[in-house]
Amino acid sequence: WFNNVDLAPAIEVFQLTARYREDTDPHKVNLGVGAYRTDEGQPWVLPVVRNVEAMKAADQTLNHEYLPIVGKPDYRKAGVELLLGKASPAVTQNRVDAIQALGGTGALRIGFDFLKNRLGMDVIYISKPTWGNHRGIAKSLGYSKIVEYHYWNEEKMCLNFDGFKADLESAPPKSVIVLHACAHNPTGVDPTHEQWEQLAEIMKRKQLFPLFDCAYQGFATGDLDNDAWPVRRFVELGFEMFAAQSFSKNFGLYNERVGNLIFISSSSSSIPMIRSQMEIIVRTTWSNPPSHGCHIVATVLNNPSLRDEWETNLKTMANRILQMRQLLFDKLKVLGHRWQHVIDQKGMFSYTGLNKQQCDFLVNRKHIYLLGSGRVNMCGLTTKNMDYVAQAIHEALTT
Ligand code: PMP
């Protein structure tokens, strides 16, 4: 049966990490992986998460019974309120609900599934470039057209807003438009509020369906409300839409798979219907969600003092990224390069503009691991490796 099974292409980011691990050079730096690192280059368990885990370990009332198929109720509600705000018209009018999902990926998966198989949507637009899994998930669900909309202006290293708008203008009605709520992966470039207004106007007029991918709330500006602005604005404008929420990055709960698919309808009466269909999709996909991560998130979000502590932890991460952006900019300036984009870009990633050849040089000659597209994880930089990385980038640009 298995003799003709071909080897699937490697997933670049995981391959890069494997190569990094095997590398014995003392200067090696991993700028590939999409996870937070401390200034010591180590993964960080948020102190608030450690606290809740200790409380949880001591709690004899907890057990390992199945959760409801759609997830833990206080977790789902807290997720909705974090993204939309408690005063959101969708919240006060009971026009929103969430399905607990296996991270942002699981949320995208069940969201795309519902749109394709329950609403018959067949055309999906993703940004060019985007996080690689958007295409992969849409493809595996059989969308007949996966279209890339213009997003990045390579020459000017900024948003290609005219191209973006033109692509929305020409999209057929009922297309799904996947939008990054903030801290666009991989470019780190988000539309301004004014630009979001224009995008919303086109999407309304053209009957396009917004699906917000919200994987970095708190990472773009360090402010949770600010980072949720585009999603909240679309709700205010009366859109029916989906939002795929992930707590992987802002809680550092990567391997616990904590997410939500949030759905907003124009009427409260359709919420139970959507939820019941989602229940079937979940039942046949993973049947039942995991409990550890959602317990932590719900405990923190529903307790004011733990929530304050979390927001402080989140700011620690956001500020360290800002510091690394500034430091890299300063070091490269001294070496004769003006990398304004590294300061302007938001969130975990920077799209450096380094070409494939320059990236290969950094990987193969300098032991600095980054994606071939030139995307770097700013958290891979530390005060200790910054000089080495800046010098290596200088050499990549000049040799
Ligand atoms: N969307 C984007 C844009 C992402 O960058 C990520 C994480 N890399 C995700 C969704 C999904 O994250 P997870 O499934 O790990 O929660």
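Using a Debye calculation, one point per C-alpha and no hydration shell, please list log10 I(q)/I(0) for region 12-148 at q = 0.13, 0.14, 0.20 Å⁻¹ in order.
-0.96, -1.06, -1.24
How far is it, in nm, from the label point at ARG50 to the one at THR92 when both lie 7 Å from their Cα along the line to the Cβ?
So the label points at ARG50 and THR92 sit 4.1 nm apart.
Residues with amide H under 5 Å of LEU179's amide H, sequence separation 5 or more or different chain, H placed in the peptide plane at 1.01 Å from N; which?
When sequence neighbours closer than 5 places are left aside, the close amide H contacts are LEU211, PHE212, ASP213.
Per-residue HN-Hα couplings for region 181-192, Karplus 6.51 cos²θ - 1.76 cosθ + 1.60 at θ = phi - 60°, whole Hz, x for Gly and Pro?
3J(HN,Hα) across region 181-192, in whole Hz: 4, 6, 6, 3, 9, x, 7, x, 10, 10, x, 6.
Would you kindly derive the ³J(HN,Hα) couplings of region 347-355 from the backbone phi angles with the Karplus curve 6.51 cos²θ - 1.76 cosθ + 1.60 (θ = phi - 60°), listing them in order in whole Hz, with x for Gly and Pro?
Rounded to whole hertz, the list is x, 6, 10, 10, 9, 6, x, 5, 7.
Can you compute the helix-only [θ] at 222 nm over the chain? Use -39500 (n - 2.57) per DSSP H run of at least 4 residues, normalise by all residues, nearest 500 deg cm²/dmol.
-14000 deg cm²/dmol
List the residues whose amide H sits under 5 Å from the amide H of ASP97, counting only those 5 or more places along or on another chain, with H placed 1.01 Å from N in the peptide plane.
PHE263
Given H placed 1.01 Å from N in the peptide plane, which residues other than close sequence neighbours of VAL147 have an amide H under 5 Å from its amide H?
Here ILE124, TYR125, ILE126 satisfy the definition.
Compute a Gaussian network model of the chain, connecting alpha carbons closer than 10 Å, and tell me which residue from THR61, THR352, THR38 fluctuates the most.
THR61
Counting only C-alpha contacts under 8 Å and six or more residues apart, can you give the relative contact order of region 214-300 as a whole percent?
Computed value for region 214-300: 24 percent relative contact order.
For region 73-302, what class follows from the C-alpha gyration tensor (a ≥ b ≥ c being the square roots of its eigenvalues): rounded when a/c is under 1.5, otherwise prolate if a/b is larger than b/c, else oblate?
In terms of gyration-tensor shape, rounded.
Who wins for biggest fluctuation among MET317, MET273, MET157 in a Gaussian network model of the chain, springs between alpha carbons below 10 Å?
MET273
Give the cross-link partners of LYS315 among the aspartates and glutamates, using a straight C-alpha distance below 19 Å as the criterion and excluding same-chain residues fewer than 8 apart.
ASP39, GLU40, ASP223, ASP225, ASP227, ASP344
Taking a cut-off of 19 Å between Cα atoms, list the aspartates and glutamates near LYS366, but don't count ones fewer than 8 places away on the same chain.
Filter leaves GLU12, GLU22, ASP23, ASP25, ASP387, GLU395.
How many nm separate the modelled label positions at THR398 and ARG205, each set 7 Å beyond the Cα in the direction of the Cβ?
Here the modelled spin labels are 5.0 nm apart.
Nearest 5 percent is fine: what portion of the DSSP beta bridges confined to region 73-302 is antiparallel?
45
Evaluate the relative contact order of the chain (contact order divided by residue number), counting alpha-carbon pairs under 8 angstrom at least 6 apart; express in whole percent.
26
Note down the net charge around GLY347, summing +1 for each Lys or Arg and -1 for each Asp or Glu among other residues with Cβ under 15 Å from its Cβ.
+2
What is the local net charge at MET278, summed over the other residues whose Cβ is closer than 10 Å to its Cβ (Lys, Arg +1; Asp, Glu -1)?
Residues near MET278 contribute 0 overall.
Please label the shape of region 243-283 as rounded, prolate or oblate, based on the square roots a ≥ b ≥ c of the eigenvalues of the alpha-carbon gyration tensor (a/c under 1.5 means rounded; beyond that, a/b larger than b/c means prolate, else oblate).
Oblate is the answer for region 243-283, as a/c is 1.5 or above yet b/c matches or exceeds a/b.
In this model, which of LYS145/LYS346; LYS165/LYS249; LYS128/LYS204; LYS206/LYS249; LYS56/LYS384 are farther than 28 Å apart at the alpha-carbon?
LYS145/LYS346; LYS165/LYS249; LYS206/LYS249; LYS56/LYS384
Can you tell which of PRO191, PRO43, PRO26 shows the greatest fluctuation in a Gaussian network model of the chain with Cα springs below 10 Å?
Sorting by GNM fluctuation, first place goes to PRO26.
How much of the calculated P(r) for the chain lies past 28 Å, in percent of all Cα pairs?
48
No value in this document is a laboratory result; all are computed from the given coordinates. In this text, all values refer to a predicted model and were calculated from it rather than measured experimentally. Cβ atoms come from the backbone with ideal geometry, glycine included; neighbour counts cover every protein chain shown.
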